[in-house]
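Asker: Take a look at the following structure, please.
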Amino acid sequence: MATASKPAAKVATNGATKKAAPPIDDEDSHGLMGASGQGYSWEEEYKRSWDVLQEDEQGSLVGAVNSIQMQMKRRRLNKDTKVVQRGIIRHLYLVIDLSRAMAELDLKPSRVECTLALAEQFVAEYFDQNPLSQLGVIITRDALAEKLTELSGNPTDHVDVIRKKANREPRGEPSLQNALDLARTSLAHVPAHASREILVLYASLTTCDPDNIIDTIDALRRNEIRVSVVGLSAEVQVCKTICKETKGTYRVVMNEGHFKELLFENIPPPPIAMAQNMSNLIKMGFPITRNFDPPTLCACHHKPIRKGYACPGCSSTICDIPTDCPVCALTLVSSPLLARSYHHLFPVDNYKEVIPGPPLPDVLATTATPLAGHCFACLQAFAPKAGASNAALVGLRSARYECGRCMNSFCWDCDVYVHEVLHSCPGCVNR
């Protein structure tokens, strides 16, 4: 465990001035009351959230629930699919706020439990979508910053550290400056062809820093480190400034589902800045798998292993890839990992929803394509156009989406699977 932080000397709030804010008069809060006068307006809106569920003529909620599920799944698909230059080799530090603000219960079961559970899912999905990238974990509490894991490409190490009970206890105040300085120092050795990123999950409205955080922001900008923040409380000015100066993003969560959505938006690699837009060749090595009997020590962790990889540059023993050889600094990858990283560079275009028309006449129906009414991928038949009585039952099965290149039709399940898992259109591949 490496700890690199300084004792706090002052507390910096989210305002730009150190002048204390005037006390809030409870009598002036009537403007925040709901229409009924009972409780605040946001509480009243939350209590009536079930009004979006409408029963059909048969008294069923299946159609309404399926429609909401389809909208949530397709929301991530309606994104920009332009071909832009992105870095497939990423180095990211995940900074988690473990101050006493994480003990709040506005996210169920609590902020800290919800955050750490989503952090485990984020680590697994990050390495699945970015197999050539590396990640490290940093926590901040008691006005200090502690590095739990170094940059590595093994998701098991990061998940095991997050699950430890000692790393799940919120206390004290966070130190945003100490956490950023620790991550910036660790990213200093990253080569120029790799992206440097910091993702902060921040719950507090204050930060207890030992020095001027503006100097840290300037250092991050000079080192071309991109900082993004996902806030669990109200918007904090210092976080907004950091993200603006480093070309990152700053979003504030509304609920548990929105939290996961905002967190997973940081999984795809961001576009490369113009200053980093240069064409250069990267030297990589493809190690050979070896079995050792008796066990031998790996060069990366100095632990005995029975199966590992031999660096083609210096013949050192490595326990896992992708990584950089600790002896000759050669980037070690495998061909499947390299191929899986290309889907971010050439994303699949979004499918267009097709509204089914009236049935074809008998003369045209006999000459039509036999699979015209089936999904091209799973061969499931599309349901006929839903009427008013059975719209709730066949609403999802009648949903049809068409590829703009191969003009094949897909059901909504295959649409989501193609864009989130397969990353290639089956119809375009078979042409």
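Asker: Given H placed on each backbone N at 1.01 Å, which residues far from C298 in sequence or on other chains put an amide H within less than 5 Å of it?
Answerer: When sequence neighbours closer than 5 places are left aside, the close amide H contacts are K303, I305.
Asker: I need to check one value: relative contact order of segment 131-194, counting alpha carbon pairs closer than 8 Å and at least 6 residues apart, in percent. Could you put the intermediate results ahead of the total?
Answerer: On the way: 73 pairs, mean separation 22.6, N = 64.
Result for segment 131-194 is 35 percent.
Asker: Students often get this wrong, so check it: of K108/K165; K108/K244; K260/K352, which have C-alpha atoms separated by over 28 Å? Kindly include the intermediate steps, with their values, before the conclusion.
Answerer: Working: K108/K165 19 Å; K108/K244 30 Å; K260/K352 26 Å.
Table pairs above 28 Å Cα-Cα are K108/K244.
Asker: Would you grab the residues whose amide H sits under 5 Å from the one on Q134? Only those 5+ places off in sequence or on another chain, please, with H modelled 1.01 Å from N.
Answerer: Distant-sequence amide H within range of Q134: R90, H91, L92.
Asker: Where does each of M254, M407 land when they are ordered by accessible area, with a 1.4 Å probe and the largest first?
Answerer: M254, M407
Asker: Could you pull the Rg and Dmax for segment 96-185, using just the Cα atoms, both in Å?
Answerer: 13.1, 37
Asker: Provide the three semi-axes, in whole Å and in decreasing order, of the ellipsoid equivalent to segment 287-332 as defined by the square roots of 5 times the Cα gyration tensor eigenvalues.
Answerer: Numbers: eigenvalues 53, 21, 14 Å².
Sorted largest first and rounded, they come to 16, 10, 8 Å.
Asker: So who's got an amide H within less than 5 Å of the one on G248, skipping anything under 5 residues away but keeping other chains? H placed 1.01 Å off N, in plane.
Answerer: Long-range HN contacts for G248: V227.
Asker: Along the three principal axes, how long is segment 90-264 when you take its alpha carbons, biggest first, rounded to the nearest angstrom?
Answerer: Sorted largest first, the three principal extents are 42, 36, 27 Å.
Asker: Also, quick follow-up: Counting only heavy atoms of protein chains, what accessible area per residue, in Å², does segment 287-332 have with a probe of 1.4 Å?
Answerer: In whole numbers, segment 287-332 has 59 Å² accessible per residue.
Asker: Sticking with this structure for a sec: Taking the Cα centre of each part, how many Å lie between segment 87-136 and segment 231-256?
Answerer: First find each Cα centre; the distance between them is then 15 Å.
The values are calculated or read from the model by the stated rules, or taken from the named source; none is laboratory data. From a predicted model like this one, the values you see are computed outputs, not experimental measurements. To get the accessible areas, we keep the full protein, side chains included, count just its heavy atoms, and leave off ligands, DNA and RNA. Shrake-Rupley method; radii C 1.70, N 1.55, O 1.52, S 1.80 Å.
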